[in-house]
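Just so you know, all these numbers are worked out from the coordinates, no wet-lab data involved. Note that the coordinates shown come from a computational prediction; the quantities given were computed from them, not determined experimentally. Note: ideal-geometry Cβ built from the backbone for every residue, glycine included; neighbour counts use all protein chains shown.
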Amino acid sequence: MITLTGINKRHGHQVLFVDASLQLNPGEKVGLTGPNGAGKSTVFRLITGEEKPDEGDVALPKRLTLGYFRQDVGEMSGRSVLDEAIAGSGKVGELHHEIEQLQRDMADPEKADDMDRILERYGEIQGQYQDLGGYELEARAKEVLHGLGFHDEQIDGDVGALSGGWKMRVGMATVLLGNFDVLLLDEPTNHLDIESILWLEKFLQQTKSAVLMTCHDRDFMNRLVDRIIDIDDGEFVSYTGDYDFMEREQKNRFAQKEATFARQEAMIAKMQRFIDRFGTHVAKAAAAQSRQKKMDKIERIDPPKKREVVPFACKKPPRSGDDIVKLQGVGKSYGPKTIYRDLEFEVKRGERWCVMGQNGSGKTTLLKMVAGHLEPDAGTVKLGSVKMGYFAQQALDLLDPELTVYEQVDRKFPLEATGSKRTLLGAFQFSGDDQDKRIAFLSGGEKSRLVLALMLYDPPNFLVLDEPTNHLDMATKEMLVQTLRDYDGTMLFVSHDRVFLRGLATRVLDVSACTQGKAPFAYPGSYLEWVERTGTEAPGVHR
């Protein structure tokens, strides 16, 4: 269906692909992986024609339709959310709006003289519109928007009033509605909560479209793809299986390459010892020269490169008291909407609570009240003797855009050793020149990594984390989970990442019922046990 053959591509001095080839077949679900900067987004742009290869061919069938979801969705304004979703959904969306306009024209007395042309055009496109499922389009659009977390009032509201994250969801809806032959999805789960991620999983499992996607959600990737294409040193390496299968295969291949490299090194070392010992020995000089010639002809094997996740060794935080935080009779409303009424909840030392709840149920509101960034309307939020660290997306704004990554760390910890600070940044995927990048030019994910690094270098004993894994790649997420497993403190967090939830949550607070004036459901076991007990991975979403 789509083939890239013999692709060479460089950006400036950086070589991305060397004689690389891949193929995407009809209906296939493929994950595209590789380290940051390997060229994953470039692959998408090569397929869409936004970029050209330096050498090689990109071949697509002429009638192939592509739906491309990217992180930059562009400007959205002047329409309702529903109309925006329909308008961007390819040919069927274009026909939908043309039919609506033609219907208005047919009812307009001032256009009576043009009625023959209007009726002719209406007849031309009606059948095509029906074949593309156009008459069910509005109902499907509402179903998709509901699945992505929109309420009815949002669907009918102005798309221009939405935040950037919600506009990304509208962009996702337009791609899903288009009935495209191929879906190119660049980090589709980035701005979704766990309920929407689970809905999207089912939608993509059932679609007949071929899918090529990058994704930082391991569970999402495992459940959806039947093949992985990994960008490794400029080549496309294909693995028939899910993400976990690829990791196992990579470990096996690394072990084999390491053994082959070790055997060659041992053989060369043995030959060198013979040459060094007998090179000047009259009787064996010819033999030594012969071995030297053999050694010179050996094609040296490069040592295998290993992508390794190294957890950061957190300092031990100061010991807190047993009572971390206690909420008594807490009430909170936004206008006529009541989020909490008479909420009772407490956290004890060493507990790790994940807060679950359907979209709009007040998860972030709860964390803000605990962190002191939002006052309750009623009741009290009492903190014990704790040193708190609060992470939210707003924390990214506290970074100084004029400083480099290293300078930001150095300013906060001026007395710490340079090597220690550079090791910290390396653990959070800032290596080499990345440490000298100005913060103004960092991506959202890079800023998140830097804020987390600053927080964990001198860790508090109570971490309040609101979606800490947003925009983080799999390697950083894995490092963060491994680091926080060994963290000797208390945690209260919201996360849509199931690896993070399984790895860290020892308690679950489901606040879904609170907006109906009911008490939250506090489960005294791990997230994994909560899933087994309730049969859901998120409130209201059955496995």
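Neighbours of GLY78 by Cβ distance under 12 Å: Lys/Arg scored +1, Asp/Glu scored -1, total -3. For PHE236, the residues 5 or more places off, or on other chains, whose built amide H falls under 5 Å of its own are SER21.
Cβ-Cβ distance of LEU119 and HIS146, R₀ of 30 Å, FRET efficiency by 1/(1 + (r/R0)^6): the value works out to about 0.25. Cross-link pairs exceeding 28 Å between alpha carbons, from the set LYS326/LYS518; LYS305/LYS437; LYS437/LYS477; LYS40/LYS251; LYS202/LYS326; LYS251/LYS477: LYS202/LYS326. Note that the range 78-180 shows a convex hull volume over its alpha carbon atoms of 98 Å³ per residue. Each principal axis of the Cα cloud of the range 245-297 was evaluated for its coordinate range; sorted largest first, these ranges are 57, 17, 9 Å. Computed from backbone phi, the HN-Hα couplings of the range 405-418 come to 4, 5, 4, 5, 5, 5, 5, 6, 10, x, 8, 7, 5, 4 Hz, rounded to whole numbers (Karplus: 6.51 cos²θ - 1.76 cosθ + 1.60, θ = phi - 60°; Gly and Pro given as x). Taking the number of Cβ atoms within 10 Å of each Cβ as an exposure proxy, the fewest-first ranking of CYS514, CYS215 is CYS215, CYS514. Local charge for LEU472 was computed over the other residues whose Cβ lies under 13 Å away, with Lys and Arg +1 and Asp and Glu -1, and equals -3.
Residue exposure proxy: HIS13, HIS373, HIS191, ordered by other Cβ atoms within 10 angstrom of their Cβ from fewest to most, comes out as HIS13, HIS373, HIS191.
Ordering GLU50, GLU407 by the number of other Cβ atoms within 10 Å of each residue's own Cβ, fewest first, gives GLU50, GLU407. P(r) tail, the range 323-542: Cα-Cα pairs separated by more than 31 Å, 24% of all pairs.
Shape analysis of the range 142-227 based on the Cα gyration tensor places the equivalent ellipsoid semi-axes at 22, 14, 11 Å, largest first. Straight Cα distances below 16 angstrom link LYS294 to the aspartates and glutamates GLU265, ASP276, with same-chain residues fewer than 8 positions distant left out. In this structure, the residue pairs whose Cα-Cα separation is over 22 Å, taken from LYS412/LYS447; LYS348/LYS412; LYS332/LYS363; LYS315/LYS421, are LYS348/LYS412.
In this label model, LYS208 and ASP276 are separated by 6.9 nm, measuring between points 7 Å along each Cα→Cβ vector. Each label point was placed 7 Å from the Cα along the Cα-to-Cβ direction; for LYS326 and ALA440 their separation is 5.0 nm.
Measure out, as a whole number of angstrom, how far apart the alpha-carbon centroids of the range 265-303 and the range 479-527 sit. One Cα centre to the other: 61 Å. In the chain, the ratio of gyration radius to Kirkwood radius, Rg to Rh, stands at 1.05 when only Cα atoms are counted. For the range 456-543, the spread of Cα coordinates along the three principal axes comes to 40, 26, 22 Å, biggest extent given first.
Gyration tensor analysis over the Cα atoms of the range 288-369 returns equivalent ellipsoid semi-axes of 62, 20, 8 Å (largest first, whole Å). Fully extending the segment from GLU50 to ASP296 would add 83.9 nm, taking 0.36 nm per residue of separation and subtracting the current Cα-Cα distance. With the helix formula -39500 (n - 2.57) applied to DSSP H stretches of n ≥ 4, the chain reaches a computed 222 nm mean residue ellipticity of -12500 deg cm²/dmol. Within the set of other residues whose C-beta is less than 10 Å from the C-beta of LYS421, count the net charge using Lys and Arg as +1 and Asp and Glu as -1. Computed value for this residue: 0. Full extension of the chain between ALA378 and ASP400 yields a length gain of 4.3 nm, computed as 0.36 nm times the residue separation minus the alpha carbon distance. Extending 7 Å from the Cα toward the beta-carbon at both ASP131 and ALA112 defines two label points whose distance is 3.6 nm.
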